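Scroll down for the structure; my scribbles are underneath it.
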Amino acid sequence: MSLSRLNQPRLKLTRSAELLQRNSEVIPGGLASINRKADPCIAFARARGSRLWDVDGNEYIDYHAGFAPYILGHNDEEQNRAVVASMEQGLSNFGSGPSEAEGDLTRLVLECLPMAEKAQFLNTGSEATAQAIRIARAWTGRDHVILMQGGYNGNQNVVAANLMSTKQQLGGRQIVGDEYPLVPMTAGIPEGERKVMHAVEFNDLSAVETVAKRNPVAAVILEPVLQNIGVIKPRPGYLEGLRKLADQHGFLLIFDEVKTGFRASLGGYQGICGVRPDLSTFGKALANGFPIAALAGRREYMDLAISDDPSKRVLIAGTYNCHPVPVAAAIACLKKLMSSKLDVHGKLERLARRLEDGQRSLFAKHGIQATIVRQGSAHCVYFMNSAPNNWWELLNGHDFEFDARYRRALIDRGIYNFPVPVKQGSISYAHSEEDVDLTLEATESALKGFK
Ligand SMILES: Cc1ncc(COP(=O)(O)O)c(C=O)c1O
């Protein structure tokens, strides 16, 4: 299959615009999750494998992957069959008693995560991170939480701060230590809650130490690789250092693996770095796009949900927790990810390397200063001369304006990366070498177009 407009960009988005307009009459902003609104605001209608089609009939190779869940690709036939079969068996969300499937899923998840002892399931990553923090607070009897500047851990009050703060919001200077200003992502966070949230710069151990010395910290929560501002990796020793600080100061180390989980490796990023978090959260690739999330960790923390001591007991409950449809989807997804015959992660690595190598030589050929950072199938092109170690380096080094033009030029040519600078791209098992080569062809055409 080839993309007809690869070298002749002519994107018509008339129906997308009409749909947004019509929806805006009844939905604030015209769509259900405001993070989906970008320019161009394309309304997609259909997806299969590595491809997307919008309501105007344009076809794209997809690297956005719905903000990363689609590790197998869109509409995976085997997964779809497993979901339909679960419904045909008369399964329902009984809302009473245990289910066989939730036990099966938990055992599979724990097989992938040898450092975790127990797991629980929720519907979204945001629920999982909020529960993780609640457990940390219940265990430690403390309230303060440390977050990373440039990290995203969900929409709940306790973590909704400091994602892509502007220079102005940061006071125009690099912050060291614990003086980082809190930059809420939402109105409506009570003053009292703000006072117990501390943002620090990623890869800065001394900042965490300073906050922990001055405040009763319950937890540090972080994506072990920052993947909501591209792909920013931990420096050697950073995660190990956090583990030590957590032990010294008695707070919990929470890895938010909602993006890295099951994608960076079958065992997430903890399976690569070997650092044991106390708790970790998962979603996205766990079920290849179906809504389910997991919270996993050490037995003593997870068992707070059934503590005999009511003052320590943590409420983990939800009408739709382990709904049979996403559970069937997750089991089907994990079985494929775990299959040595399919070697999903091997294929992802080969494709991602092919893309990275191709992009690198194209940028060199066309004299564009770019640094590609990749963690397995998750990748990002930074238009700067080195890989950023934190948000401040990115904010000062990256050419955001060029990034926006680059993304738009690729979209015009049928390659869909989310049209917001430094948003990470994801490759799926359904992508092919041909897809990668078409992507490189479109990249070359886009780069020529800039001259
Ligand atoms: C690292 C991370 N944690 C948590 C979340 C929140 O997950 P959800 O959108 O499913 O609530 C996200 C969502 O993008 C995420 O990237």
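Side notes on the structure shown:
- Extreme residue, farthest from the ligand (Cβ to nearest atom), among residues of the range 119-153 that are closer than 26 Å to GLY103 by Cα, open to solvent by less than 10 Å² (accessible area, probe 1.4 Å) and of a type outside the set (Val, Ile, Thr): ALA136
A quick yes/no check of all residues on (1) crowded, with 24+ Cβ neighbours inside 10 Å; (2) of a type in the set (S, T, N, Q):
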| residue | (1), (2) |
| --- | --- |
| VAL220 | yes, no |
| ASN228 | no, yes |
| PRO234 | no, no |
| TYR238 | no, no |
| ASP247 | no, no |
| LEU252 | yes, no |
| PHE255 | yes, no |
| LYS259 | yes, no |
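- Residue check, ASP39 touching a residue at least 24 places away in the same chain (Cβ under 8 Å), outside any loop (DSSP other than H, G, I, E, B) and either open to solvent by 50 Å² or more (accessible area, probe 1.4 Å) or not assigned by TED's automatic domain parsing to the domain that holds TYR320 (or both): no
- Test for LYS335: is it farther than 27 Å from ILE232 by Cα, open to solvent by 20 Å² or more (accessible area, probe 1.4 Å) and part of a helix (DSSP H, G or I): yes
- Checked against (1) surrounded by 15 or more Cβ atoms within 10 Å (Cβ to Cβ); (2) more than 21 Å from HIS431 (Cβ to Cβ); (3) of a type in the set (Ser, Thr, Tyr), SER92 meets all criteria but (1).
- Among the candidates ARG276, ARG235, ARG263, residue that is charged (D, E, K, R), in a loop (DSSP other than H, G, I, E, B) and out of contact with any Lys or Arg (no Cβ under 8 Å at 6 or more places or on another chain): ARG235
- Summed over the range 399-420, residues that are surrounded by 20 or more Cβ atoms within 10 Å (Cβ to Cβ) and among the β-branched types (Val, Ile, Thr) total 2.
- In the range 170-195, the residues that are without any contact (Cβ under 8 Å) to a residue 60 or more places away in the chain reach residues that are basic (Lys, Arg) and not in a loop (DSSP other than H, G, I, E, B) with C-beta atoms within less than 7 angstrom, at least six apart or across chains, in these pairs: ASP178/ARG214; LEU182/ARG194; PRO184/ARG194.
- Lone unmet requirement of (1) touching a strand residue (DSSP E or B) at 6+ places or on another chain (Cβ under 9 Å); (2) of a type in the set (Asp, Glu); (3) under 21 Å from PHE255 (Cβ atoms); (4) open to solvent by 10 Å² or more (accessible area, probe 1.4 Å) for ASP278: (4)
- Assessment of the range 302-324 against the conditions (away from the ligand (no atom under 16 Å from the Cβ), within 21 Å of PRO69 (Cβ to Cβ) and modelled with pLDDT of 95 or more) yields at least one matching residue.
- 2 or more residues touching a strand residue (DSSP E or B) at 6+ places or on another chain (Cβ under 9 Å) and basic (Lys, Arg): qualifying strands (runs of 3 or more DSSP E) within the range 43-125: 44-48
- Any chance THR129 is within 29 Å of GLY267 (Cα to Cα), among the polar types (S, T, N, Q), in the same structural domain as GLY230 (by TED's automatic domain parsing) and without any contact (Cβ under 8 Å) to a residue 40 or more places away in the chain: no
The values are calculated or read from the model by the stated rules, or taken from the named source; none is laboratory data. Owing to the predicted nature of the structure, the values given are computational and were not obtained by experimental measurement. Ideal geometry is used to build each Cβ from the backbone, glycine not excepted, and the neighbour counts take in all protein chains shown. These accessible areas exclude ligands, DNA and RNA; they are computed on the full protein's heavy atoms, side chains included. Shrake-Rupley method; radii C 1.70, N 1.55, O 1.52, S 1.80 Å.
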